[in-house]
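The values are calculated or read from the model by the stated rules, or taken from the named source; none is laboratory data. All of these numbers come straight from a predicted model, not from anything done at the bench. Heads up, the Cβs are rebuilt from the backbone with ideal geometry, glycines too, and the neighbour counts pull from every protein chain shown.
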Amino acid sequence: MRKVKNLIVGCGLSGVVLAERLAKQFHEEVLIIDRRNHVGGNIYDYQDAETNITVHKYGPHVFHTNDKAVWNYLSQFTDWHRFMYRVKAVMDGIEVNIPFNLDSLHKVFPRQLAEKLEEKLINKFGFNKKIPILELRKTQDADLEFLADYVYQKVFLGYTVKQWGVKPEDLDKSVSGRVPVYISRDSRYFQDKYQGIPANGYTAMIEKMLQNPLIKVELNTDFKDILSHIEYERLFFSGAIDEYFNYALGRLPYRSLNIVFKTHNCEYLQSGPQINFPENYDYTRSVEYKYYLDEKSDKTIVSYEYSCPYKEGKNERYYPIPNNDNQQLYNRYLSKAQKLKNVYFIGRLGDYKYYNMDQTVARALALFKELK
Ligand code: UDP
């Protein structure tokens, strides 16, 4: 029987934060395993061999946080390329700012109508306010109702049906609430105080975090193949909680993505890093990676995301699906988990939560604090 002090399943951001803390602060040995052949989980990136452009294998990751402790923590392992994300969606063939803001309003409506709607929005909600689309749709004012319906139809409905297979109102409201209507001229996707992309990529940052002689990384290793012949004092599990329990209570659903990468023979293809397509095409969005780190090449790489249900063995889990039924099933798994001793579930899949990267780090740091 092999013995380890700490076993961490999953070499994504959650697992790596805990590995780093346990080794650095507790001076304890850590074995961290992953069934994939690389570290980093879904934040893994790599340099494309032909163009040297840094590509995010599992889709776009732009770091943003208001949490100074999280920003300072990660800054020990990377410099940051200063970057504030800007996203456009094609509405009626016009590229408009997302979140839909006052500039978007003026882009899609004739001047008089745009001015009337702008005034009504500011009078009702105030300037610099963020209003989730499902909230805006509740308004009684006929003009604002018209606006809400328009934005719902053109920005949210098609995109959400493609991305999740259901309408915005059939998901937890926090999902469409991630991208509210913004009564502002701020054209950034996020307003957080700290925003950026690791200057040498996410993988380099993760490798630096793992650089400790007390941390052993074993890739191509499935927890199911080793759990029966390994003893641990603590287990941190960032895989799917339903899989850990062999689906004893049923399967938690996840969305997956089929991301198609294309190298285009031109310097730039798009007007910016991310274009959303609520209405056109079968993919949700296209992302041009050279914008992220301002990389130079005669060619460019663009990814196209096709969303689909997660199927075991066929594709990867990307997103838990936040709704009432799934939360209830997760809660039942959580009760089982709470009965285990020295086993901790973490990350998007362990907690079945639609975490952003900073929330993942904050959660892992908070758990580490509890261990102390
Ligand atoms: N969304 C939308 N249209 C957009 C952008 C976002 O309907 O143009 C909705 C959609 O349901 C999406 C959610 O808002 O899944 C969250 O978007 P976000 O960009 O945060 O998704 P992520 O980058 O996490 O995939």
Being surrounded by fewer than 20 Cβ atoms within 10 Å (Cβ to Cβ) and touching a Gly at 6+ places or on another chain (Cβ under 8 Å), is that true of even one residue in region 111-133?
-> yes
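Which strands (runs of 3 or more DSSP E) sit wholly inside region 221-320 and have at least 1 residues that are surrounded by fewer than 16 Cβ atoms within 10 Å (Cβ to Cβ)?
230-237, 254-264, 300-309
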What helices (runs of 4 or more DSSP H), lying completely within region 136-209, carry at least 2 residues that are modelled with pLDDT of 95 or more and within 14 Å of the ligand (Cβ to nearest atom)?
-> 142-151, 158-164, 173-177
Check on ASN280, polar (S, T, N, Q), within 16 Å of the ligand (Cβ to nearest atom), farther than 22 Å from ILE43 by Cβ and at pLDDT 95 or above | yes
Selected residue (only one of LEU340, LEU367 is in a loop (DSSP other than H, G, I, E, B), under 17 Å from LEU7 (Cα atoms), touching a strand residue (DSSP E or B) at 6+ places or on another chain (Cβ under 9 Å) and not β-branched (Val, Ile, Thr)) | LEU340
Out of the residues in region 139-165 that are of a type in the set (Val, Ile, Thr) and within 22 Å of the chain's Cα centre (by Cα), which is nearest to SER104 (Cα to Cα)?
-> VAL155
Give me a count of the residues in region 61-78 that are in contact with a Gly (Cβ under 9 Å, 6 or more places away or on another chain) and part of a loop (DSSP other than H, G, I, E, B).
-> 2
State whether one or more residues within region 64-86 are under 30 Å from ILE226 (Cβ atoms), at pLDDT 95 or above and within 16 Å of the ligand (Cβ to nearest atom).
-> no
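Per-residue answers, yes or no, for (1) among the hydrophobic types (A, V, I, L, M, F, W, C); (2) assigned to a loop (DSSP other than H, G, I, E, B):
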position: VAL16; (1), (2): yes, no
position: LEU22; (1), (2): yes, no
position: GLU28; (1), (2): no, yes
position: ASN42; (1), (2): no, no
position: GLY59; (1), (2): no, yes
